[in-house]
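All remarks here apply to the structure that follows.
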Amino acid sequence: MTQAAPFDAPLPRPSAAPARSLPVSVLADVSGSMTQLRKIEILNECITMMIRSFTAERTIRGEIQVGVVAFGGESATLHQPPVPAIELQWSNLRASGRTPFGAALALLTELLADERVIPPNAFMPTLILISDGRPTDAWEGPLQWLLASPRGAKAIRLGVGIGQDMDDDDIQVLRVFIADPSIELQRADQAAALGGREPKRVVADGERDMEGPGCGETQGTRRGQGCPRHAAR
């Protein structure tokens, strides 16, 4: 009996390429001042609604992944490592202590540079600061380090102010973080503030970025140098 030639065997079906990461990093203020005026409850409600909205959004090829850095007491911690929004089970934050915003920015800069956390081919990250704007440590230097980093410089940066007691100095902290006058500062006195336009902004900007290579690996740049299309951000 004649044996079939090797090329007569059925070829394996090609597997679908894994979705590229569309990273969203939240900086959540959990300092003692957030215990006032239901701020910490509003923050938890906002993040819950944001995750729900991200889960409901549909992208072309990207997968929205959400991570949360919490800063309160004497340090900043990675409260929620980045995971796909659809898989995230939110654990409420508690507030106490000081407001080490600078430590949070330093930790975020490290996370953005870690390819085990954000893959090299990930799309442009979105950074969301939720705070009542009262840092208690040196934060201007760490912010400059973030803005000088390849991914931090090209990221979309959004700010959400919590609390009716925020004064002009508090609000200015969030505006300096955003560093883009075309992006409106949001207020989270109502829990719906993060459940509406912001998830759609993240998805829309991410999908525009899908027209070309990701910000970790771009045409005309070395891997990790960032995306030239967003150099003005």
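The values are calculated or read from the model by the stated rules, or taken from the named source; none is laboratory data. Note that the structure is predicted; figures quoted are calculated from it, not measured. We place every Cβ from the backbone using ideal geometry, glycine too, and count neighbours over all the protein chains shown.
Numbers below:
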item	result
Candidates G97, G133 - the one that is at positive phi and either touching a strand residue (DSSP E or B) at 6+ places or on another chain (Cβ under 6 Å) or acidic (D, E) (or both)	G97
Residues within the range 16-48 that are in a helix (DSSP H, G or I) and over 16 Å from T126 (Cβ atoms), tallied	15
A153, sole failed condition from (1) farther than 18 Å from L22 by Cα; (2) out of contact with any strand residue (DSSP E or B) (no Cβ under 9 Å at 6 or more places or on another chain)	(1)
So A76, is it within 16 Å of L127 (Cβ to Cβ), in contact (Cβ under 8 Å) with a residue 12 or more places away in the chain and small (G, A, S)	yes
Enumeration of residues in the range 93-146 that are assigned to a loop (DSSP other than H, G, I, E, B) and of a type in the set (D, E, K, R)	R94, R98, D114, E115, R116, D132, R134, D137
Answer from T55, T99, T48 - the residue that is surrounded by fewer than 20 Cβ atoms within 10 Å (Cβ to Cβ) and within 23 Å of D132 (Cα to Cα)	T48
Residue count for the range 108-131, restricted to those that are over 13 Å from the mean Cα position of the chain (by Cα) and at pLDDT 95 or above	4
Test: L105 is surrounded by 21 or more Cβ atoms within 10 Å (Cβ to Cβ) and closer than 27 Å to R20 by Cβ	yes
The range 141-157 - residue that is out of contact with any helix residue (DSSP H, G or I) (no Cβ under 6 Å at 6 or more places or on another chain) and in contact (Cβ under 8 Å) with a residue 12 or more places away in the chain and, of those, nearest to E110 (Cα to Cα)	P150
Complete set of residues in the range 147-177 that are within 19 Å of the chain's Cα centre (by Cα), surrounded by fewer than 20 Cβ atoms within 10 Å (Cβ to Cβ) and not hydroxyl-bearing (S, T, Y)	L147, A148, P150, A153, R175, V176
Filter pass, V117 being among the hydrophobic types (A, V, I, L, M, F, W, C) and either closer than 19 Å to S33 by Cα or buried (at least 22 other Cβ atoms within 10 Å of the Cβ) (or both)	no
Filtered residue count, the range 81-92, keeping only those that are outside any strand (DSSP E or B), surrounded by fewer than 20 Cβ atoms within 10 Å (Cβ to Cβ) and either at positive phi or of a type in the set (A, V, I, L, M) (or both)	1
Residues that are in contact (Cβ under 8 Å) with a residue 40 or more places away in the chain, more than 11 Å from L27 (Cβ to Cβ) and out of contact with any Ser or Thr (no Cβ under 6 Å at 6 or more places or on another chain), drawn from the range 126-140	T126, G133
